[in-house]
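Values in this text are rule-based calculations from the coordinates and carry no lab data. Only a predicted model underlies this, so the values are computations on that prediction, with no experimental measurement involved. Glycine gets a Cβ as well: all are built from the backbone with ideal geometry, and neighbour counts include every protein chain shown.
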Amino acid sequence: MRSGYSRRLGGSRAPVSVSALLLYSLWVTVLAVATSDPWKLGFLALVTGLPGLVLGYRRYGVLVPLLGLSLLGTFLNMLLLYNVGDPVFSIGPLVVREEAWRRTVSLDLRILSLAGAGLLFASTVNPRDAVRSLEVELGMPRGFAFALAFALRLLPLVYRDLQEVMAVRRMRGYRRVPITPGDYRSLFMPLLSVTVERGIWVGVAAELRGFSLRPRRRVRPRFRRGDLVLLVLAVLQGLVVAGLAGP
Amino acid sequence: MASRRWTVIDFALLGVSGAVAAVIFYAAWYVWDLFSAVGPLARPLSVGLWFTGSIIAATLIKKPGAAFLGELLGAVIEAILPTRGGFTNVIYGVLQGIFAELGYRLLGYKRWDIVAGAIAGALAGVGELLATLVVYREIFQAVSDVGSEVGLASPGAIIVYWLAANAVSGALYGAIAAAAARSARG
């Protein structure tokens, strides 16, 4: 499990701190939501979206084609809903008009920026380091951080339980792919029951080990060289979106 | 009523609801794509799946704040996993969580049954609409403009449709989530 994360950030020698990367990704998300200007969104997509997609493709390859489908879906929806104005270009007999094209470009560039910012963080940071950073550096409440860490730990266990339930279903002659509501009920209820039971006992064990009495630990985030690059990029993108620099 | 103070067991159950919600939210993207293929106006009917985090957490924990934190936690994990929405999931999580929490608040934090789940799910739809108006305003604008252009509906009517579809979808999935969580907790 650990080896899968070995190339991710989080160690003391990592060039960028986890909290700085998280704040950077959140900042780009806010900027992408704030503007509708295609040029400004294009700048965000170029500076953050594209590197995020390239890094994300290595680890979450399946997301990139799905993202492509989303972009195509946006284009088709806008074509269906808003194909008015002067012609921009045509694909065979289909004429794409100004409004459809302008709105598609804006929305798709925003989607690229948002997905890229998320992938930039998710593909370079170990989730456990992210939780630790959120708690000790950024002050996330301890109970919520515990719930988040526990949920991340539970995900592979839920997957393993799902495989077991599926295997038992096959042995009992149920259909492989659940179709009816009854199928889904017989699939998910055992999973939920087991997971809830596990949660209760983990809570009891943590309480018995004095989780509530554990002193709160705060660490001042250490500034690293890579953080300066992120800071410069964040300021630059902020200036462009605010209209103080760039196109 | 039992103590409203959160214990470690409550936070562990919050983690359980977060993990379950994250799996549902992840799968919901595919359901969303399926509904999107039908058309933009069919999309809101699938969004109720994204409100189930708050209902599962509230039904399992039965304490004030559980609905909000459950929705937020599911959204944070959805962003970390990651999904196509990136960190906008957190914006949705916050707004949907606030409105789902409002549902339980209106019931005085005394009911945690299927009806309460349906009400909280329906109200979470208001949060979804607000988040979509902020994050993907172009989609809404296009739907609204076309609705008025073809004489089918005014922008106001589109908002009412959007809200109603969210509420129906939220109430349906909310009731199912509450029933499942009650059954699992025993």
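Note on A:R160 and B:L130: their simple-model spin labels are 4.1 nm apart, each label 7 Å out from Cα toward Cβ. By how many degrees, 0 to 90 and rounded to 10, does the Cα axis of helix B:8-38 deviate from the longest principal axis of chain B? So the inclination is approximately 20 degrees. The distance between label points at A:R58 and B:R137 comes to 3.7 nm (points 7 Å beyond Cα on the Cα→Cβ vector).
Treat every Asp and Glu Cβ in the range A:58-160 as -1 and every Lys and Arg Cβ as +1, leave all other atoms uncharged, and give the resulting dipole magnitude about the Cα centre to the nearest 20 debye.
480 debye
Remark: spin-label model distance A:W39-A:M189 equals 6.1 nm, labels positioned 7 Å along the Cα→Cβ axis. Remark: A:F223, A:F75 ranked as A:F223, A:F75, counting other beta-carbon atoms within 10 Å and listing the fewest first. Annotation: the residues A:E98, B:E128, sorted from fewest to most other C-beta atoms within 10 Å of their own C-beta, follow the order A:E98, B:E128.
Against chain A, whose longest principal axis comes from its Cα atoms, helix A:225-242 is set at around 50 degrees.
Over chain B, with a Gaussian network built from C-alpha contacts below 10 Å, which listed residue (B:L106, B:L123, B:L49) shows the highest mean-square fluctuation? It is B:L106. All other residues with a Cβ under 15 Å from the Cβ of B:A58 taken together, and with Lys, Arg as +1 and Asp, Glu as -1, what is their net charge? For residues surrounding B:A58, the net value is +4. The slack between A:L76 and A:V204, meaning 0.36 nm per residue of separation minus the straight C-alpha distance, is 40.9 nm. With neighbours defined as other Cβ atoms within 10 Å of a residue's Cβ, the residues A:M78, A:M166, A:M140 order from fewest to most as A:M166, A:M140, A:M78. Alpha-carbon geometry of the range A:117-203: the Rg and the Dmax are 17.1, 52 Å, given in that order.
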